[in-house]
Amino acid sequence: MKKHLLFLGAPGAGKGTQADLLSKANSYLHLSTGELLRKEIEMNTNLGREVKDIITSGELVSDELVLKIVRQNLDKDNNGWILDGYPRNLSQAHSLNEVLIEINQPLEVVFYLDIPEEVLIKRLLLRGRKDDTEKTIRKRVDIYKKTTEPLIQYFKELSLLEYINADRDLNTISFDIKQKMA
Ligand code: ADP
């Protein structure tokens, strides 16, 4: 059974949902950088205040900052982990690689949740999170295409990529992922 997983895909592809289900079923740590950042905003911490405007506008927060969060959380003793929303660009992918070498926990599989753009924009508008306005959604999808999408090729070359058709119902996707995890 694979224990060190990563979910890659556009905003709205369902990474959070699938990572949540899988982490609960296996008692793995679910590490969502977006979720952790939103918590900081809610708690009105220094970090939260620093990132609030960036997140609301749909831009990415700095690589240094997210790396710090990832490093702090991955270091904890855990049974396994699922990364969701990190890395989001090549520089973050290289930093992650260094951290994983340090902690001696190599990544075993990357699930790429593939979904047509029209579907995800509809999904995000329905979700209605604070940063889910039409304008920021388009911005996030744009940034995704430019900076995150190259990671598909990157992980493919490392033979880590598993393709998942994410334009299906939640349970079908979940079943597919579980089979590919074995
Ligand atoms: P979504 O997948 O819908 O974009 P997330 O919860 O993953 O939602 O992220 C929400 C926001 O948090 C992003 O738009 C970005 O501003 C910030 N964020 C999350 N992860 C990262 C990251 N790895 N690098 C930079 N910014 C991030």
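Considering R88, R129, the condition of being in a loop (DSSP other than H, G, I, E, B) and under 17 Å from E149 (Cβ atoms) is satisfied by R88 alone. Would it be correct to say that I137 is assigned to a helix (DSSP H, G or I), touching a residue at least 60 places away in the same chain (Cβ under 8 Å), more than 19 Å from P87 (Cβ to Cβ) and within 11 Å of the ligand (Cβ to nearest atom)? Here the answer is yes, as I137 does meet what is asked. Within the range 7-25, residues that are without any contact (Cβ under 8 Å) to a residue 24 or more places away in the chain and more than 10 Å from the ligand (Cβ to nearest atom) reach partners that are not hydroxyl-bearing (S, T, Y) and not in a helix (DSSP H, G or I) with beta carbons closer than 9 Å, at six or more positions or on different chains, in the pairs D20/H30; D20/I82; D20/D84; K24/H30.
If you check D132 against the conditions, is it within 9 Å of the ligand (Cβ to nearest atom), over 14 Å from the mean Cα position of the chain (by Cα) and either without any contact (Cβ under 8 Å) to a residue 24 or more places away in the chain or surrounded by fewer than 13 Cβ atoms within 10 Å (Cβ to Cβ) (or both)? Criteria met by D132.
Criterion applied to S95, S23 was being crowded, with 18+ Cβ neighbours inside 10 Å, in contact with a strand residue (DSSP E or B) (Cβ under 9 Å, 6 or more places away or on another chain) and in a helix (DSSP H, G or I), and the one residue passing it is S23. Inspect the range 151-165 for any residue being assigned to a helix (DSSP H, G or I), of a type in the set (S, T, Y) and either surrounded by 17 or more Cβ atoms within 10 Å (Cβ to Cβ) or within 16 Å of the chain's Cα centre (by Cα) (or both) and give the result as yes or no. Yes; the residues of the range 151-165 include at least one that is assigned to a helix (DSSP H, G or I), of a type in the set (S, T, Y) and either surrounded by 17 or more Cβ atoms within 10 Å (Cβ to Cβ) or within 16 Å of the chain's Cα centre (by Cα) (or both). Restricting to the range 41-74, count the residues that are away from the ligand (no atom under 11 Å from the Cβ) and within 18 Å of the chain's Cα centre (by Cα). Number of matching residues: 5. Is it the case that the range 106-118 has a residue that's part of a loop (DSSP other than H, G, I, E, B), under 30 Å from K76 (Cα atoms) and over 15 Å from the mean Cα position of the chain (by Cα)? Among the residues of the range 106-118, at least one is part of a loop (DSSP other than H, G, I, E, B), under 30 Å from K76 (Cα atoms) and over 15 Å from the mean Cα position of the chain (by Cα), which makes the answer yes. The residue of the range 26-40 that is nearest to the ligand (Cβ to nearest atom), among those that are surrounded by 15 or more Cβ atoms within 10 Å (Cβ to Cβ) and of a type in the set (G, A, S), is G34. Is it fair to say T33 is modelled with pLDDT of 95 or more, touching a Gly at 6+ places or on another chain (Cβ under 6 Å) and β-branched (V, I, T)? For T33, the condition - modelled with pLDDT of 95 or more, touching a Gly at 6+ places or on another chain (Cβ under 6 Å) and β-branched (V, I, T) - is met.
The values are calculated or read from the model by the stated rules, or taken from the named source; none is laboratory data. Keep in mind that this is a model prediction, so the values were computed, not measured. Heads up, the Cβs are rebuilt from the backbone with ideal geometry, glycines too, and the neighbour counts pull from every protein chain shown.
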